[in-house]
Amino acid sequence: DVKVTQSSRYLVKRTGEKVFLECVQDMDHENMFWYRQDPGLGLRLIYFSYDVKMKEKGDIPEGYSVSREKKERFSLILESASTNQTSMYLCASSLGHDGKYEQYFGPGTRLTVT
Amino acid sequence: GESVGLHLPTLSVQEGDNSIINCAYSNSASDYFIWYKQESGKGPQFIIDIRSNMDKRQGQRVTVLLNKTVKHLSLQIAATQPGDSAVYFCAETIAYSGAGSYQLTFGKGTKLSVIP
């Protein structure tokens, strides 16, 4: 089974802090994604990566950056956390070829910025 | 079915009945579709997928139907159980034709409540 893990289930940070969210997948997937999920807005793509050291902006990249130094690990960085970044953050991975396009999700990190 | 708004569409079914959850997808070029289940406090879980060269696919207690003419997808759950209570949402992408995309476009979701 594909396993995607996220470093924290719950996180509380103060406005202005730098926040790191870590995601690790164990299935040698090429693609990794970061989403945020808010009531009524569904899943919104922040950034994705299709290879090590490669990254692409999603629909809402402002205020975020990412890092992918190793294939299995994809980090989301909030440079200076703000209250409007309070949300559920979901990481996902997919193989992205050979008919395997489905994304597998981690359990999520619920971030509260106060 | 799914819609934009602050409140998720809700479907309430009696335990043991069949459930049908609908999704209207947006891109006529999409050729791959997925249904996800998300339980409270958890990440979305893959249920079943279907390619556009099929109009029906069956899994364990679930069936997905695809109508490309009207861009409609449905998920049928047979003999619904309390453990099926969750938010269900569909996703679409262009995976097989031309320049594919790595990205999925997700619907907003439908909340299924199973009455014991």
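Mind checking which strands (runs of 3 or more DSSP E) fall wholly inside the range A:1-95 and carry at least 3 residues that are surrounded by fewer than 20 Cβ atoms within 10 Å (Cβ to Cβ) and not aliphatic (A, V, I, L, M)? Answer list for the range A:1-95: A:64-70.
Give me the residue from the range A:96-114 that is outside any strand (DSSP E or B) and out of contact with any strand residue (DSSP E or B) (no Cβ under 7 Å at 6 or more places or on another chain) and, out of that set, most open to solvent (accessible area, probe 1.4 Å). So the residue we want is A:98. Scanning the range A:94-114 for residues that are of a type in the set (Gly, Ala, Ser), within 18 Å of residue A:26 (Cβ to Cβ) and at pLDDT below 95 gives A:94, A:96.
If you go through the range A:86-102 and keep only what is over 12 Å from residue A:35 (Cα atoms) and not small (Gly, Ala, Ser), you end up with A:86, A:95, A:97, A:98, A:100, A:101, A:102. Against the test of being out of contact with any helix residue (DSSP H, G or I) (no Cβ under 8 Å at 6 or more places or on another chain) and at the interface with chain B (Cβ under 9 Å from one of its Cβ atoms), the options A:58, A:16 yield a single qualifying residue, A:58. Cβ-Cβ contacts under 8 Å between residues 6 or more apart (or on different chains), taken from a first residue in the range A:18-39 that is without any contact (Cβ under 8 Å) to a residue 40 or more places away in the chain to a second residue that is part of a loop (DSSP other than H, G, I, E, B), are listed as A:39/B:6. Checking each residue in the range B:17-45 for being more than 20 Å from residue B:83 (Cβ to Cβ), touching a residue at least 60 places away in the same chain (Cβ under 8 Å) and in a loop (DSSP other than H, G, I, E, B) picks out B:25, B:26, B:27, B:29, B:30, B:31. Please verify whether the range B:65-76 includes one or more residues that are farther than 21 Å from residue A:91 by Cβ and in contact with a Lys or Arg (Cβ under 6 Å, 6 or more places away or on another chain). Yes, the range B:65-76 contains at least one residue that is farther than 21 Å from residue A:91 by Cβ and in contact with a Lys or Arg (Cβ under 6 Å, 6 or more places away or on another chain). The residue list B:55, B:84 contains one member that is open to solvent by 40 Å² or more (accessible area, probe 1.4 Å), away from every other protein chain (no Cβ under 11 Å) and acidic (Asp, Glu), which is B:55.
The values are calculated or read from the model by the stated rules, or taken from the named source; none is laboratory data. Remember, it's a predicted structure, so these values are computed and weren't measured experimentally. In this analysis, Cβ positions are derived from the backbone assuming ideal geometry, glycine residues included, and neighbour counts consider all displayed protein chains. Side chains included, ligands, DNA and RNA excluded: accessible areas come from the protein's heavy atoms. Shrake-Rupley method; radii C 1.70, N 1.55, O 1.52, S 1.80 Å.
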